[in-house]
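Student: Here it is: the structure, laid out below.
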Amino acid sequence: TPKPDVIVVSSLKRSRQTAEALKQYLGWPDIEIVVNEGFNEKKWGIMEGLTHAQARDLLLQDEKLVRKYPYLATEEALKTVWEDPKFKAPGGGESLEEVAIRVRAAFNELYNMYPNKNVLLVTHAGVLQTQELDFWKVSQMTISQDESGNSVIKKKGLE
């Protein structure tokens with residue numbers, strides 16, 4: 001395992017705890033942990049912390065929302081909510097499109113802050129999926145920038 005120059009985590013407690021456990025297990029006490037909220041999991045608004053059944057019941061109470069997203073009344077509602085790039089839960093929720101833009105900006109920031117450095121990123125599967133990175137198949141990424149200053153992610157699969 002190559003030793004990183006820095007560990008970047010989301011601001012969620014579980015990613016920091018994972019980074020701390022990795023540092024201890026791999027013997028990296030001197031590696032700095034940096035928080036970057038750009039890698040936080042999607043905000044679910046009023047659905048935050050609810051079971052699927054509770055979330056569906058709550059969403060079905062909002063007639064305006066059901067008119068906008070008619071699939072909420074179906075049995076497959078929550079599966080569809082996870083996949084709909086435009087769905088945004090009331091109360092501060094984010095759409096997948098918004099998360100993808102936020103995460104892309106965070107990758108650009110990483111590239112600019114740590115050029116030519118090894119960065120260990122501890123984040124969430126949903127965050128990686130917005131960049132078409134499969135948590136179970138990607139072991140390493142290289143970030144570069146194109147002529148427009150946008151990050152370009154090259155992925156290496158598990159061997």
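Student: What list of ³J(HN,Hα) couplings, whole Hz, do you get for the stretch 81-86 from phi and the Karplus terms 6.51, -1.76, 1.60, once you set θ to phi - 60° and write x for glycine and proline?
Tutor: Result, ordered by residue: 4, 5, 9, 6, x, 9 Hz.
Student: Still on this model: If you count the DSSP beta bridges with both ends in the chain, what percent of them are antiparallel, to the nearest 5? Could the numbers behind the result be given before it?
Tutor: Values: 7 of 15 bridges.
Roughly 45 percent of the DSSP beta bridges within the chain come out antiparallel.
Student: What span do the alpha-carbon atoms of the stretch 64-122 cover on each of the three principal axes, reported in whole Å from largest to smallest?
Tutor: So the three principal-axis extents are 49, 19, 15 Å.
Student: Next question, about the same structure. Which angle between 0 and 90 degrees, to the nearest 10, do you get for helix 96-113 versus the longest principal axis of the chain when only C-alpha atoms count?
Tutor: In the chain, helix 96-113 runs at an angle near 10 degrees to the longest axis.
Bear in mind these aren't lab numbers, they're just calculated from the coordinates by the rules spelled out. Bear in mind that the values here come from a model prediction, so they are computed numbers and not experimental data.
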